[in-house]
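Beneath this line is the structure, given in structure tokens, with notes to follow.
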């Protein structure tokens with residue numbers, strides 16, 4: 001299957017063009033995108049099949065290989081907390097998780113006053129780790 005990059009894609013109009021690594025640009029419609037994907041960012045590496053249409057080659061069965069890093073990710077990375085600040089977050093999380101563990105060991109779910117802050121800290125830590 002040919003590979004290339006998204007040259008441009010208009011999510012509102014539902015079409016765009018892919019730049020093939022070994023040939024001319026290829027038209028791509030929204031119906032050729034993978035399930036759950038509604039738009040493509042310029043520069044995203046893709047693999048795709050090619051069908052010959054009335055107006056030239058068209059991509060079908062597009063598969064995203066790797067998307068370019070977004071500006072938002074770069075900004076979030078720049079705003080990361082300092083490692084020394086994260087130590088306190090992890091220590092608090094461990095204490096809260098011990099309370100959650102204790103509740104589960106006794107055959108019950110944790111109380112909302114424990115579960116909510118634990119979930120909030122877990123989400124925050126996950127966001128920090130995922131950058």
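The values are calculated or read from the model by the stated rules, or taken from the named source; none is laboratory data. What you are looking at is a predicted structure, and each value in this text was computed from that prediction instead of being measured. Here the Cβ is made from the backbone with ideal geometry for all residues, glycine too, and neighbour counts use every protein chain on show.
Observations on the model:
- The numbered conditions (1) part of a helix (DSSP H, G or I); (2) at pLDDT 85 or above are all true for residue 65 except (1).
- If you filter the range 21-39 down to residues that are at pLDDT 90 or above and surrounded by 14 or more Cβ atoms within 10 Å (Cβ to Cβ), you find that the one that is nearest to the chain's Cα centre (by Cα) is 33.
- Failed criterion for residue 73 (all others in (1) within 30 Å of residue 32 (Cα to Cα); (2) outside any helix (DSSP H, G or I); (3) at pLDDT below 90 hold): (2)
- Subset of the range 24-38 [in a loop (DSSP other than H, G, I, E, B) and touching a strand residue (DSSP E or B) at 6+ places or on another chain (Cβ under 8 Å)]: 24, 33, 34, 37
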